[in-house]
Amino acid sequence: MNVSQEYEIRNIIGEEKYILLMKLHGGSKFYIEKYETHQRNLRNEKIKSLSNQGLTNRQLAERFNISIQQIRNILNN
């Protein structure tokens, strides 16, 4: 992480949380996933939950505008 990124993070989360972040993870490297990945993971959890509630793969595919095969892949992971 460069100085510009540190400054940006500090401005986003605030000084107090930035200090906590330094205390917990200072000197180490960690990964922050992409926003799109996070959103996809939330969608997949919602799909699994709705499937457990009894929605069919076809209903899920239509609701989330993805293929039935993608629904099967999500439910099998």
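For the reader, a short list of remarks on this structure follows.
- Student exercise, the chain dipole from Lys, Arg, Asp, Glu Cβ charges, in Debye to nearest 20: 400
- The chain - Debye-derived log10 I(q)/I(0), Cα point model, q = 0.13, 0.21 Å⁻¹: -0.60, -0.86
- Expressed as a whole percent, the accessible surface of the stretch 1-55 that belongs to carbon and sulfur atoms is 54, based on a 1.4 Å probe.
- Helix-only CD estimate at 222 nm, as mean residue ellipticity for the chain, using -39500 (n - 2.57) per DSSP H run (n ≥ 4): -22500 deg cm²/dmol
- Between the listed residues ILE68, HIS38, ILE9, the Cα displaced farthest toward the positive end of the dipole of the chain, a dipole computed from Cβ unit charges relative to the Cα centre, is found at ILE68.
- Selected from SER51, SER67, SER28 as most flexible by GNM, with the chain as the system and alpha-carbon contacts under 10 Å: SER28
- Accessible area (Å², per residue) of the chain, counting only protein heavy atoms and a probe of 1.4 Å: 85
- Across the chain, the mean sequence separation of Cα contacts (distance under 8 Å, 6 or more residues apart), normalised by length, yields a relative contact order of 19 percent.
- Percentage, to the nearest whole number, of Cα pairs in the stretch 37-77 over 16 Å apart: 20
- The figure for PHE64 is an accessible area of roughly 50 square angstrom, using a 1.4 Å probe on the protein chains alone.
- Under-5 Å amide H pairs with LEU55, H placed in peptide plane, nonlocal only: none
The values are calculated or read from the model by the stated rules, or taken from the named source; none is laboratory data. All of these numbers come straight from a predicted model, not from anything done at the bench. Every residue, glycine as well, gets a Cβ built from its backbone with ideal geometry; the counts of neighbours run over all protein chains shown. Please note that ligands, DNA and RNA were not included when accessible areas were found on the heavy atoms of the full protein model with its side chains. Shrake-Rupley method; radii C 1.70, N 1.55, O 1.52, S 1.80 Å.
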